[in-house]
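Let me begin by presenting the structure, written as structure tokens, before commenting on it.
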Amino acid sequence: MLTLGIETSCDDSGVALLRDGHEIVCEYLSSQIKDHSKFGGVIPEFAARKHLENLLPLIAAAVKDYKSEINLIAVTRGPGLMGSLMVGVQTAIALSQAWGINLIGVNHIEGHLFAPLIENENLKPPFLSVIISGGHSEVILVKNFGEYEFLGGTRDDAAGEAYDKVAKILGLEYPGGPIIDKLARSGNDKAFNFPVPLKNTNDIEFSFSGLKTAVLWQVKKLVENNLSVPVEDICASFQKAVINSLISKIKLAVKLTGIKNVTISGGVAANSELREKLSAQKNFKIYLPEKSRCTDNAAMIALAGYNAYSRGVRTKNLTADPSLELC
Ligand code: KG4
Ligand code: ZN
């Protein structure tokens, strides 16, 4: 079975071919980061137009040698930006009709949930899935594929959103995660004592908005006192607070559920220090996607779609849904 995956929910156009749920035959990604970084964030209308330009050449490259073998198209139908989602969904509908093959709509969050399974196909439910991206910070109990229980999430900003906002405060590029990750390596994480959000609560919940405000006040104070802003130290101290918060709540989720297999995905899962610290944990086993498949990609959409299709899930009247929920 050969599945064509299509991802266009935000600012990355992704296309991948997946054979039998485990072999990535090819994958292509066209990132719009450079187009949007000058605006400090994603401009939805512009993102949709860029998908229109970028998507078809990627599909043409991917299917060139395989068109007659493709049996299924899996496309992200939400959540995400309406214009961006529509480009992927309408393209997928047109191709499935022209080629006479089946089509399945995929929840983008479920795509992220499946990303660590590309390299760990033997991992079976139940397990905990922690999704930390630009739009989501969620802990999900995977009872079975397709059967998910929301255990907790963020009260306000998502983890990646906090990285992006702190980068903006520091005058760094969008997206903030990769650059803060890099600068933090040469900073002193004890230089500033930023609060670890909700450290002492016994609930699986995150809050990153107050942490971002603490960084803002610190920078203001330094500037008002004509002191230089030690960007590396602020990055390291901010990142330490984010990672402590994430790891303490993952530990709490393991303790409350008794489940010791934990997958981590979403853009923030690419963070080098977080990956190191998680991999060193003794009380639970961590499954991480390859760094390039933490952020948005089509291989994870192809796998989520293939898995659902194999379970008998069928999509009727596919439409884009910007606020689609997982559970
Ligand atoms: O999963 P993703 O590509 O898009 C969403 O579905 O949101 O995640 C993008 C987010 C951005 O907020 C970006 O700053 C963050 O992931 N990110 C990182 C790193 N790489 C990307 N955050 C921390 N460290 C990184 N290395
Ligand atoms: Zn995503």
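Read-outs: derived from the displayed coordinates by stated rules, not from any lab. Since this is a predicted model, take the numbers as computed values, not measurements. Here Cβ is always computed from backbone atoms with ideal geometry, including for glycine, and neighbour counts include all displayed protein chains.
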Putting +1 on Lys and Arg Cβ atoms and -1 on Asp and Glu Cβ atoms, find which of G176, V142, N188 reaches farthest to the positive end of the dipole of the chain.
-> N188
Check G152: other-chain or 5+ apart residues with amide H under 5 Å from its amide H, H built from backbone geometry?
-> V139
Rounded if a/c under 1.5, otherwise prolate or oblate - the range 93-181, Cα gyration tensor axes = oblate
Nearest-ten-degree value, helix 82-99 long axis tilted from longest Cα axis of the chain | 20
Round to the nearest 10 and give me the degree value, 0 to 90, for the angle of helix 44-63's Cα axis relative to the longest principal axis of the chain.
-> 50
Would you compute, from DSSP H runs of 4+ residues alone, the mean residue ellipticity of the chain at 222 nm, taking -39500 (n - 2.57) per run and dividing by the full residue count, rounded to the nearest 500?
-> -13000 deg cm²/dmol
Mind telling me which of F206, F150, F238 comes out most flexible in a GNM of the chain, alpha-carbon contacts under 10 Å?
-> F150
Dipole magnitude of the range 53-162 about its Cα centre, charges +1 at Lys/Arg Cβ and -1 at Asp/Glu Cβ only, in debye to the nearest 20?
-> 300
Filter on K190/K251; K212/K285; K212/K249 - keep pairs with C-alpha separation over 21 Å | K190/K251; K212/K285
Where the centre of each part is set by its Cα atoms, how far does the range 95-142 sit from the range 1-74, in angstrom?
-> 16
Evaluate the charge dipole of the chain about its Cα centre and quote only its size in Debye, nearest 20, assuming +1 on the Cβ of each Lys and Arg and -1 on the Cβ of each Asp and Glu.
-> 640
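Using 0.36 nm times the number of residues separating K190 and K221, minus their current alpha carbon distance, what extension gain do you get?
That works out to 9.4 nm of additional length.
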Percent antiparallel among DSSP beta bridges (both partners in the range 61-200, rounded to 5) = 65
Antiparallel DSSP beta bridges within the chain, percent to nearest 5 = 60
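Quick one: work out the % antiparallel among DSSP beta bridges in the range 18-125, nearest 5.
Taking every DSSP beta bridge within the range 18-125, about 25 percent pair in antiparallel fashion.
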Express in nm, to one decimal, how much length is gained between E23 and A98 on full extension, taking 0.36 nm for each residue of separation and deducting their alpha carbon distance.
-> 24.4 nm
Shape metrics for the chain, restricted to C-alpha atoms - Rg then Dmax, Å | 20.0, 67
